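Inspection log for the structure reproduced underneath, given as C-alpha cells.
The values are calculated or read from the model by the stated rules, or taken from the named source; none is laboratory data. Note that this is a predicted model, so its numbers are computed, not measured. Positions of Cβ are backbone-derived with ideal geometry, glycine not excepted, and every protein chain shown enters the neighbour counts. Keep in mind that these areas ignore ligands, DNA and RNA; they rest on the heavy atoms of the full protein, side chains included. Shrake-Rupley method; radii C 1.70, N 1.55, O 1.52, S 1.80 Å.
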Amino acid sequence: MKNLYLNTRFFFALIAVGVVYVFGFFFRVFVNIAHGLLILIFLAALVEILMLYLTKNAVQAQRILPDKFSNGDVNDVKIDLKNNYFFPIETRIIDEIPFQFQKRDFLIKKKIEANKNIFFKYNLEPKERGEYHFGALNVYASSILGFVSKRFIFQKDTVLPSYPSFISLKKYELMTLQNEFLLGGIKRVRRLGHTMEFEQMKEYVPGDDVRTINWKATSKSSKLMVNQFQDEKSQRILMLIDKGRVMKMPFRGLSLLDYSINAAMALSHIILKKGDRAGIMTFSRKAENKVAADNKAGQLRKISEALYNIKTDFFESDFSRLYQDLKHSVNQRSLILLFTNFETLDALNRQIKYLRGIARDHLLIVVFFKNSEVDTLLHQNPERMQEVYDQIIAEKFEMEKKLIIQEFRKYGIHSIYTFPENLNVDVINKYLEVKARGIL
C-alpha cells in the first residue's frame with residue numbers, strides 16, 4: 001500500500017516472538033504460544049491498516065509561515081493539525097525545513113484525540129539573507145496499536161524570502177521614545193543641548209529652561225513666554241555598507257555584513273520616525289544598491305528590498321571610488337555612517353585620505369568592530385605559556401584598534417567601536433546624540 005510504513009513497535013513484537021521460539025527448542029509448549037502470538041501480531045497490524053486507510057482525508061495539516069523571515073531573529077513557524085479519524089492517533093511530524101538550517105533531526109510527536117485538532121509552533125533562526133526552500137510537511141499517523149503508520153504529505157516546495165532584521169524594529173522605536181537603551185543596565189542618551197528648529201512659542205511653566213525665554217514676546221504680553229524647539233527634521237542620513245572581504249568575518253553565525261545590514265534597517269526605521277531622510281548605499285569595487293535619502297512613504301521597504309540579497313564579493317574595497325561617487329551624487333551636507341572594519345593601522349592608513357575627503361563635506365561616523373574572541377583572550381587568566389603568548393598577541397590587536405580610534409579623532413572623524421551584537425543599540429544612540437547636540 002502507498003505510504004505505508006512499519007513502526008519499530010512491530011519489529012520489537014517480532015523480536016519478542018522470536019525469543020519465544022527460542023524457548024520452544026527447550027519447551028515444546030512455547031512453540032504453540034509463539035505461533036499464536038505471530039498470528040495475533042499480523043492480525044493486529046492488518047486491523048490497524050484497515051483503520052488507517054478506510055477513512056478519506058483522515059489527517060489534515062497546514063504549515064503557516066510568515067510573509068518573510070527576519071534575518072538573525074527567532075521566527076515562528078506554526079502547524080495546524082487535525083484528526084478526522086474516529087479514534088485517537090499518535091503522530092510524528094517531520095517538516096522538510098530549508099537546508100541552510102542544517103537541522104537533520106527534526107521530529108515532533110503529538111497525540112490527537114478523535115475528531116480534534118491541535119495548533120503548535122516551532123522556531124527557526126535564519127543566519128543568511130536570500131531564499132529558503134521548504135520541502136514537504138510529512139505527518140505519520142498510527143493508532144494506539146502503533147504497529148504501522150500512514151504517511152500524509154502536505155505543502156510541497158514552498159519558498160520563503162529572508163529579509164534584513166525587521167522583527168525588532170518596534171522594540172527599538174519604543175526604546176527611542178523612552179530615550180533609553182538596555183545594554184547591561186540602563187544606558188541613557190545624554191541630551192546636550194537644543195537643536196535649532198523652532199516649533200512654537202508658549203507661556204512659561206515651572207521646569208522650562210530659562211535660557212529659552214523670549215524677552216521680546218514677554219514684554220508685549222506681560223507674561224513670561226518661552227521658545228519651544230524640536231529636533232531638526234529632514235536631515236539627510238546616508239548609511240554606507242562595505243561588502244568587501246573584511247565584512248565576511250562571522251560572529252555567532254552572522255557575518256559582519258549581516259550585522260551591518262540589520263543595524264542599517266533598525267536605524268533607518270528610527271530615522272524615518274524622527275522625520276529625517278534615510279538612504280543607503282553598498283560598495284566594494286564600485287557603489288551599488290543605491291537608495292537616495294528620503295522620508296516618503298515606502299522608503300523603509302525600498303531600503304529592505306535593496307539590502308535583501310547582498311553578498312560579500314571577497315575583493316578589497318575601493319575607497320577612492322567611493323569618495324568620487326559621494327562627491328558627485330551627494331551634494332548636501334549629510335550624516336554618513338560608514339560600516340566597515342579595520343583590523344590594523346596600516347589598513348586604515350591606506351584609506352585615511354579618502355575618509356578625510358568625505359569628512360570635509362559631511363559628518364562622517366566610521367563604524368568598525370571589536371573581536372569578541374580577542375576580548376575573551378584579553379580577560380582570561382593565562383596558566384600555560386601558550387596562553388601567555390596568545391594574550392600578548394590579543395593585546396597587540398587591541399592596541400591597534402585604539403590607535404585607529406586616535407587617528408580618526410585627529411582628523412575630526414567620529415567612530416563607533418563596538419561588538420557586533422551591540423551594533424544596533426550603539427548606532428541608534430550615536431544618531432540620537434548627533435541630533436541632541438545639533439552638530440550636523
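How do H362, H328, H133 rank by accessible surface area computed with a 1.4 Å probe, from largest to smallest? Write out the running numbers ahead of the final one.
Values: H362 10, H328 145, H133 95 Å².
Final ranking, largest accessible area leading: H328, H133, H362.
Could you sort R277, R437, R384 by their accessible area in this structure, using a 1.4 Å probe and putting the largest first?
Order by accessible area, largest first: R384, R437, R277.
In debye, nearest 20: dipole of the chain around its Cα centre with unit charges on the Cβ of K, R (+) and D, E (-)? Mind dumping the intermediate values first?
Values: 65 positive and 48 negative charges, 196 e Å.
It works out to roughly 940 debye.
With the dipole of the chain worked out from charges on the C-beta (+1 for Lys and Arg, -1 for Asp and Glu) around the Cα centre, which of Q235, L345, P164 lies farthest toward the positive end?
Q235
Note down the relative contact order for the chain as a percent, whole number, built from C-alpha pairs under 8 angstrom at least six residues apart.
Result for the chain is 13 percent.
Counting DSSP beta bridges in the chain, what percent are antiparallel, to the nearest 5?
Details: 54 of 78 bridges.
The antiparallel fraction comes to roughly 70 percent.
Quickly work out the V47-to-I439 label distance, labels modelled 7 Å from Cα along the C-beta direction, and quote it in nm with one decimal.
For the pair I439/V47, the computed spacing is 8.2 nm.
Any idea how far apart L40 and D76 come out in nm if each label point goes 7 Å out from Cα toward Cβ?
Each label point is offset 7 Å from its Cα along the Cβ direction, giving 4.7 nm.
From the residues L40, Q60, N83, which one has its Cα farthest along the dipole of region 14-90 in the positive direction, the dipole being from +1 and -1 charges on Cβ of Lys/Arg and Asp/Glu about the Cα centre?
Ranked along the dipole, the leading option is L40.
Compute, for E131, the solvent-accessible surface of its heavy atoms (probe 1.4 Å) with the complete set of protein chains present, and express it in square angstrom to the nearest 10.
In the full protein context, E131 sits at about 100 Å².
For the chain, which DSSP H helices look membrane-span-like by this rule: Cα extent along the axis of 20 Å or more and mean Kyte-Doolittle of at least -0.5?
8-24, 29-53, 256-273, 423-437
How much length is gained if the chain between N381 and D313 is pulled fully straight, taking 0.36 nm per residue apart and subtracting their Cα-Cα distance, in nm to one decimal? If you can, show how the numbers build up before the last one.
Values: separation 68, 0.36 × 68 = 24.48 nm, distance 3.86 nm.
Computed gain between N381 and D313 is 20.6 nm.
Pop the C-beta distance of F119 and I153 into the FRET formula with R0 = 22 Å and round what comes out to the nearest 0.05.
Working from the Cβ atoms, E equals 0.65.
In whole percent, what relative contact order does region 1-127 give with Cα contacts below 8 Å and a gap of six or more residues?
Normalised by residue count, the contact order of region 1-127 is 21 percent.
Give, in nm to one decimal, the length gained when the segment between S329 and R350 is fully stretched (0.36 nm per residue of separation minus the Cα-Cα distance).
Residue separation times 0.36 nm, minus the Cα-Cα distance, leaves 5.2 nm.
For the charge dipole of the chain, defined by +1 on Lys and Arg C-beta atoms and -1 on Asp and Glu C-beta atoms about the Cα centroid, which residue among F315, I49, A217 has the Cα displaced farthest towards the positive pole?
Highest projection toward the positive end goes to A217.
Run the reach check for K56 against lysines, Cα to Cα strictly under 28 Å, same-chain hits fewer than 8 apart removed. What comes back?
K2, K78, K82, K109, K110, K111, K116, K121, K150, K156
Run the 1.4 Å probe and let me know the accessible area of T158, rounded to the nearest 10 Å².
Looks like 40 Å² after rounding.
Need the list of aspartates and glutamates near K248 for cross-linking: C-alpha distance under 14 angstrom, and skip anything on the same chain fewer than eight residues off.
Qualifying aspartates and glutamates at Cα under 14 Å: E128, D258, D313, E316, E343.
Which aspartates and glutamates does K220 reach when only Cα atoms under 16 Å apart count, and residues fewer than 8 places away in its own chain are ignored?
Once the sequence-local aspartates and glutamates are set aside, what remains near K220 is E203.
Work out the FRET efficiency for K109 and R252 from their Cβ-Cβ distance, taking R0 = 25 Å, and round it to the nearest 0.05.
0.25
Taking the Cα centre of region 98-154 as the origin, how large is its charge dipole in debye, to the nearest 20, when only Lys and Arg (+1) and Asp and Glu (-1) carry charge on their Cβ atoms?
180 debye
Please turn the phi angles of region 280-288 into ³J(HN,Hα) values with the Karplus equation 6.51 cos²θ - 1.76 cosθ + 1.60 (θ = phi - 60°), one per residue in order, whole Hz, x for glycine and proline.
9, 7, 10, 8, 8, 6, 8, 7, 9
Taking 8 Å as the Cα distance limit and 6 or more residues as the minimum spacing, I'd like the relative contact order of region 199-283 as a percentage.
Relative CO of region 199-283 lands at 30 percent.
Calculated FRET efficiency, F23 and Y417, Cβ-Cβ r, R0 60 Å, to nearest 0.05?
My answer for the efficiency is 0.20.
Let me know the charge dipole size of region 19-159 about its Cα centre in debye, to the nearest 20, where only the beta-carbon of Lys, Arg (+1) and Asp, Glu (-1) is charged.
Working: 19 positive and 14 negative charges, 66 e Å.
I would put it at about 320 debye.
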